[in-house]
Every structure is written in structure tokens, then in C-alpha cells.
Amino acid sequence: MNILVTGGAGFIGSNLIDELVIDNKVICVDKLNYGMSNINHLLNNENFKFFGIDVTDYDALNEIFLNHQIDMVYHLAANSDIKQGVFGSEIDFKDTFLTTKVLLDVMKNNNVKNLFFSSTSAVYGDKKEVLNELTPDLRPVSYYGGAKLASEAFISSFTAMCDMNVVIFRFPNVIGKRLTHGVIFDFINKLKNDPKKLEILGNGLQCKPYIYVSDLVDAIIKLTKNIKPGIDIYNISVIGNGTTVNEIADIVVDEMKLENVKYEYTGSDRGWKGDVPKFSYDITKVLKTGWKPNYNSNEAVRKTVKDVLGE
């Protein structure tokens with residue numbers, strides 16, 4: 001197929017493209033917030049093309065669609081750092097929601113029907129019950145979650161109006177090779193600067209599931225291979241419990257072979273306003289498709305720490 005990936009130079013997007021280019025022609029669109037390092041190895045691949053544009057630029061994006069027969073779109077362009085969105089809603093309005101709105105307009109204009117959308121656990125808000133795809137009353141508590149939920153709503157309306165075929169994944173924290181931010185990334189950098197002390201945002205008891213990026217990519221490819229009319233929504237996560245921030249700190253310290261590290265907490269039950277300190281996913285629906293992750297949450301964290309330290 002001819003595939004377009006928005007945000008393809010990012011962490012998840014570049015890992016996805018590595019698999020897609022094996023059997024498909026792939027066009028990567030990205031405004032390069034994190035540079036070219038994730039896709040430099042693809043530039044000489046005859047199945048790969050790169051366009052350095054902002055997905056909110058309708059004319060530039062439409063030009064790509066006009067010049068290429070696009071069969072499938074994987075939409076991953078978004079503000080990838082929720083914590084940075086705390087400082088104002090503009091970044092998530094533009095990078096998370098407006099990218100989706102403009103992309104949908106361009107797809108409609110070019111009669112492209114097939115879409116994968118990367119949503120998030122943040123659309124559910126701060127809920128205590130086990131979350132499944134039919135959990136009612138979604139109330140995001142971050143601008144990022146709000147922009148993703150608004151994107152889902154626009155995708156729903158375009159699906160009905162334009163007879164689209166859509167798969168939506170709501171996934172938690174994704175980690176692995178090429179990680180650019182997040183708690184693991186932060187802890188490693190903090191301990192490189194001061195190997196005797198580690199500042200931990202919140203109380204360290206925050207507990208979330210962490211999925212390894214190759215497991216997520218496997219699920220994306222498997223569940224978009226035979227895409228169906230309408231919308232299919234899946235919670236994607238690991239099997240078993242999540243990992244606490246304290247456990248992540250312990251794993252990082254262990255892998256860095258440090259001793260007598262003093263943990264210093266900033267207090268509160270969450271790292272920042274808009275953070276959801278604990279949640280639990282029901283992934284029964286996706287497991288019924290035959291997909292299952294290779295790593296549990298703690299294994300994904302340890303493998304990622306090894307990845308980052310080995311780079």
C-alpha cells in the first residue's frame with residue numbers, strides 16, 4: 001500500500017515506519033520537533049519519502065495527497081509531552097486537535113477513507129474504576145486528553161459523513177528505544193547530573209501501565225491490516241499490574257549501578273496538574289483478536305532503561 005504517517009519522525013511514528021516500509025511505500029510527514037535522528041536510517045530506503053511540513057498546513061498537506069495515491073493514513077502527530085501542555089492549552093489545540101481536523105479535511109477532499117488514530121488513556125479522565133472502551137462519561141483532566149477526545153469526536157462525525165474506515169487505539173505510557181521524554185528519560189538524566197540524589201515528582205506511589213513500543217507497533221499493524229467500515233476503538237496496554245514511580249526509580253538506579261541514592265519527593269499524589277496518578281485498563285477486547293504484549297509493565301520499564309543507557 002501507499003501509506004502516510006503523520007508525526008512519523010517521532011518516537012512511536014519512527015518505530016511504526018520501520019515495520020511498515022518492509023512491505024509498503026511510506027510517506028512520513030513531520031515538523032521535526034525532535035529532529036531527524038529517528039528517521040535518518042530510512043532516508044536511502046526506496047520505500048520511504050519524507051516531507052518536513054506542519055500537518056496543520058492544509059495546502060502543504062493537500063499537495064502531498066494530490067501528488068500521491070494514499071491508501072491508508074496513520075495519524076500520530078500530536079503534542080507528545082503532556083507535562084509541557086500544563087502551561088497553556090494552545091499547544092494541544094494546535095498540535096493535538098488541529099492536526100486531526102486539518103488531516104480529516106484533506107482526507108475528505110481526496111476521498112481517502114482509511115485511518116488509524118493514536119488516542120490515549122487520558123480521554124477517560126481521573127477515574128477509579130477499571131476502564132474499558134464502553135466506560136461512560138469521559139471527562140479529561142488535561143488539555144492533551146481534551147484535545148484527543150475532541151479529535152475522536154471529529155473522527156466519529158467524519159466517519160459517518162464520509163463513510164470512513166477507522167481504528168482508534170487508546171493507550172497508556174509508551175516506552176522503548178528512541179524515547180525522548182517522560183519519567184524514565186528524566187530519571188536517567190537527573191542521576192547522570194547527580195548520582196547521589198533523585199528528585200521524584202509527587203509521592204512516588206503513582207502507578208500506571210507502561211507498554212513497550214514494539215508491542216504497540218505489533219498491535220497497530222495487526223489491527224489495521226483488514227480495516228473495516230466504521231470505527232473500532234481498542235484499549236491497548238500490558239497484561240497485569242502497572243509500575244509505580246518508586247519502582248521505576250529503583251530499576252533506573254539498579255541498571256545505572258548506583259548506590260545510596262537519596263529520593264526526594266515534591267509531595268502530592270501526582271506529578272503535575274492534569275496528571276492521572278493511577279488507572280487500570282481492561283484489554284479484553286484486543287486480547288480476543290489474538291494480539292498480546294510480549295512484555296509486562298516492569299519488563300518494559302527495565303528494557304527501556306537498558307535501551308536509553310545503551311544509546
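The values are calculated or read from the model by the stated rules, or taken from the named source; none is laboratory data. Since we're looking at a predicted model, the values are computed, not measured. All Cβ positions, glycine included, derive from the backbone under ideal geometry; neighbour counts span all protein chains shown.
For the reader, a short list of remarks on this structure follows.
- Every pair of residues 6+ apart whose Cβ atoms lie under 6 Å, when the first sits in the stretch 113-128 and is within 18 Å of PRO229 (Cα to Cα) while the second is part of a helix (DSSP H, G or I) and hydroxyl-bearing (Ser, Thr, Tyr): PHE116/THR224
- For the stretch 259-286, the set of residues classified as surrounded by 13 or more Cβ atoms within 10 Å (Cβ to Cβ) and not in a loop (DSSP other than H, G, I, E, B) consists of TYR263, TYR265, LYS278, SER280, TYR281, LYS285, VAL286, listed by residue number.
- Filter pass, ASN165 being at pLDDT 95 or above and outside the structural domain of LYS108 (by TED's automatic domain parsing): no
- Residue pairs meeting the criteria (Cβ under 8 Å; at least 6 apart or on separate chains; first assigned by TED's automatic domain parsing to the domain that holds TYR143, in the stretch 77-88; second at pLDDT below 75): ASN79/GLY85
- Condition met for LEU198 (assigned to a strand (DSSP E or B), out of contact with any His (no Cβ under 9 Å at 6 or more places or on another chain), outside the structural domain of GLY125 (by TED's automatic domain parsing) and more than 26 Å from LYS128 (Cα to Cα)): yes
- Hey, LYS222 more than 17 Å from ALA122 (Cα to Cα), touching a residue at least 24 places away in the same chain (Cβ under 8 Å) and not in a helix (DSSP H, G or I) or not: no
- Residues of the stretch 54-86 classified as among the β-branched types (Val, Ile, Thr) and under 18 Å from the mean Cα position of the chain (by Cα), total: 4
- Per-region count, the stretch 39-53, residues of a type in the set (D, E, K, R) and touching a residue at least 40 places away in the same chain (Cβ under 8 Å): 0
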